[in-house]
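Note sheet for the following structure.
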């Protein structure tokens, strides 16, 4: 615990930490960019996206048709 470092050692340590942080930040930015690239995600999962869009359209269309059917019955 009584070990003290010289100013030069502290500077080297700070510089090494700064370099590590720069590398980590660049790596994180690349990962975020990759994960938020929706065009690439869509291209890689095109079949699943088409199936999901068709299912959503079917459900929404059925809901709209059911709503109009209810309004027609009330008249």
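Rule-based calculations on the coordinates, nothing more; no lab input. The structure presented is a predicted model; accordingly, all values stated were derived computationally and were not measured. Glycine gets a Cβ as well: all are built from the backbone with ideal geometry, and neighbour counts include every protein chain shown.
Taking the simple approach of a point 7 Å from Cα along Cα-to-Cβ for both residue 3 and residue 26, what is their distance in nm?
3.1 nm
Any idea what angle helix 46-74 forms with the longest principal axis of the chain, computed on alpha-carbon atoms, 0 to 90 degrees, nearest 10?
The helix 46-74 is inclined about 40 degrees to the chain.
Hey, rough spin-label estimate for residue 59 and residue 72, points 7 angstrom out along Cα→Cβ, what's it come to in nanometres?
Here the modelled spin labels are 2.4 nm apart.
How big is Rg to Rh over the chain, alpha-carbon atoms, Rh as the Kirkwood inverse-mean-distance radius? Intermediate values should be presented prior to the final figure.
Working: Rg = 28.9 Å, Rh = 18.3 Å.
Looking at the chain, the ratio lands at 1.57.
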